[in-house]
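Heads up: the structure comes next, in structure tokens.
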Amino acid sequence: MKAITLDRSQPSKLLLTNVQEVPLTKGEVRVLVKAAALNHRDEWCRQGLYPNIKDGVILGSDGAGIVIEVGEEVNENWLQKEVIINPALNWGNNQKVQSTSFEILGMPRNGTLAETVIVPADRLHEKPSHLTWEEAAALPLAGLTAFRAVTYQGDIQAGDSLLVTGFGGGVAQFAVQFGLAIGASVSTSTSSDVKLKKAKDLGVVNAFNYHNDNWISKANEETSGFDVIIDGAVGDTLNQLIQVAKPGGKIVFYGATLGNPSKLEARKIFWNQLKILGTTMGSDQDFEGMVSLVREHRIKPIIDQVFQFEQAAEAFDKMREGKQMGKIVLLP
């Protein structure tokens, strides 16, 4: 079958190649991939910035398709079902944190950037009927991460004020939509006025361009601060977020694309009794809740651009440059 593997001997670090399909083992299914989507995790693997990476592994955590084969002890009712794949493996029974055997589909286990993918049957969920294949493929990893950040770590309630930074990225766009669906008063920040307009079209109350020096004072004037802030950058922007958090508020971060902060406004954190929380992916319970919310509110992922497998390097490059508005999708 055709697949995109990590190959650091290539200029692009990617190789579109033919990979031998392998037999199913007990409890597994084979899914014909109709669409797959990229996450920053895939780019970090390409750059060698992710642990336990190895060449020859098929990349990709997000995918949607049709079940074409079931293994031993798998209900045959799954055959020919349209499904999305939960890429979080071995979370465990503790809702608070993942187990030590937790892993994510796409490294070190073969992922979704292939014509077919093998996954445990318990990773399957029926595709929400209102989603296209491209939209369904865009949902799993970013949707799961955003849902846990919003509902479990952030504990957002109707009427709460929520700030989601970096609108345009996959997790951020879902966090905005999930916050709106729950009934929060949602604001966002980003670097592009075009992205801010898109956020406004979705229903956000306030949108800030964080390249403007006065965005912090403007945010405090317009909102009186935020109950919850969801961020994927951290770095020295963390101190800016501390300035716009309400006393008793929470800052939830799911990534650190800007690295560690060089300093920390510790006094303001303890005086205002702020909570700074980390979050990663989500449990099976979170995934089920995320799919239910998407179905109930007919939430649709924002798709930036759809590429063919043959254009994989171009798709990865666009994601690395941060030019996308929404998710980048690949078709076999």
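In terms of its Cα atoms, region 206-327 spans 52, 33, 27 Å along the principal axes, sorted from long to short. The listed residues 294, 22, once ranked by accessible area (1.4 Å probe) with the largest placed first, stand as 22, 294. If a/c stays under 1.5 just call it rounded; otherwise compare a/b with b/c (prolate if a/b is bigger, oblate if not). Do that for region 91-229, with a ≥ b ≥ c from the square roots of the Cα gyration tensor eigenvalues. Prolate shape, in that a/c is at least 1.5 and a/b is the bigger ratio.
DSSP finds beta bridges in the chain, and of those with both partners inside it, around 55 percent are antiparallel. Within the assembled protein chains, the solvent-accessible surface assigned to residue 8 is about 100 Å², based on a 1.4 Å probe.
Here the contact order of the chain, divided by its residue count and restricted to Cα pairs under 8 Å and six or more residues apart, works out to 18 percent. Taking 12 Å as the cut-off, the amide N atoms of region 33-59 that come nearer than this to a point 7 Å along the Cα-to-beta-carbon line of residue 8 belong to 45-56. Computed on protein heavy atoms with a 1.4 Å probe, the accessible areas place 125, 211 in the order 211, 125, largest first. When the chain is treated as a GNM with alpha-carbon contacts under 10 Å, the residue of 181, 256, 138 showing the greatest mean-square fluctuation is 256.
With helices as the sole contributors, the chain gives -8000 deg cm²/dmol at 222 nm; each DSSP H run of n ≥ 4 counts as -39500 (n - 2.57), and the sum is divided by every residue. Among 39, 272, 86, the residue with the largest mean-square fluctuation in a Gaussian network model of the chain, with springs joining Cα atoms closer than 10 Å, is 272.
With a 1.4 Å probe and all protein chains left in place, how much accessible area per residue does the chain have, in Å²? All intermediate terms of the calculation are to be shown ahead of the outcome.
On the way: 14450 Å² over 332 residues.
So the chain comes to 44 Å² accessible per residue, rounded to a whole number.
Rg of the Cα atoms in region 33-120, relative to 2.2 N^0.38 Å, amounts to 1.16.
So what is the relative contact order of region 137-180, in percent, for Cα pairs below 8 Å that sit 6 or more residues apart?
Working: 31 pairs, mean separation 21.8, N = 44.
49 percent.
The phi torsions of region 155-164, fed into the Karplus equation with coefficients 6.51, -1.76 and 1.60 and a -60° offset, translate into couplings of 6, 5, 10, 3, x, 5, 9, 10, 10, 10 Hz, rounded to whole numbers, with Gly and Pro shown as x. Globularity index of region 116-179 is 1.28 (Cα radius of gyration / 2.2 N^0.38 Å, N = number of residues).
Simple spin-label estimate for residue 24 and residue 47 gives 3.8 nm between the two label positions (7 Å along the Cα-to-Cβ direction from each Cα).
The lysines whose alpha-carbon is closer than 24 Å to the alpha-carbon of residue 54, local same-chain residues fewer than 8 away aside, are 2, 13, 318. Ordered from largest to smallest accessible area (heavy atoms of protein chains, 1.4 Å probe), the residues 210, 254 come out as 210, 254. By a 1.4 Å probe calculation restricted to protein chains, residue 182 has an accessible surface near 50 Å², given to the nearest 10. Taking the inverse of the mean reciprocal distance over all distinct Cα pairs, the Kirkwood hydrodynamic radius of region 147-289 comes to 14.9 Å. At 4 °C and a viscosity of 1.567 mPa s, what translational diffusion coefficient does Stokes-Einstein give for region 52-167, taking Rh as the Kirkwood radius over Cα pairs? Give it in µm²/s as a whole number. Translational diffusion coefficient: 81 µm²/s. Computed from Cα positions, the angle between helix 170-182 and the longest principal axis of the chain comes to roughly 70 degrees.
Defining a contact as two alpha carbons under 8 Å apart and six or more residues distant in sequence, what relative contact order in percent does region 146-276 show? Write out the running numbers ahead of the final one.
Working: 265 pairs, mean separation 29.1, N = 131.
This gives 22 percent for region 146-276.
Looking only at 213, 122, 304, which one moves most when the chain is put into a Gaussian network model with springs between Cα atoms under 10 Å? In this elastic network of the chain, the residue with the biggest mean-square fluctuation among 213, 122, 304 is 213.
Let me know the Kirkwood hydrodynamic radius for the chain, please, with Cα pairs as the basis and the value in Å to one decimal.
Details: mean 1/r = 0.0493 Å⁻¹.
One decimal place: 20.3 Å for the Kirkwood radius.
Can you bin region 143-197 into rounded, prolate or oblate? Criterion: square roots of the alpha carbon gyration tensor eigenvalues sorted a ≥ b ≥ c, rounded for a/c under 1.5, prolate for a/b above b/c, oblate for the rest. Oblate, because a/c is 1.5 or more while a/b does not exceed b/c.
At a 1.4 Å probe, what is the % contribution of carbon and sulfur to the accessible area of the chain? C and S fraction of accessible area: 47 percent.
The values are calculated or read from the model by the stated rules, or taken from the named source; none is laboratory data. Every value quoted in this text rests on a predicted model; they were computed, and no experiment measured them. Quick reminder, even Gly has a Cβ in these numbers, built from the backbone with ideal geometry, and neighbours come from all protein chains shown. The accessibility values were calculated without ligands, DNA or RNA, using every heavy atom of the protein model including side chains. Shrake-Rupley method; radii C 1.70, N 1.55, O 1.52, S 1.80 Å.
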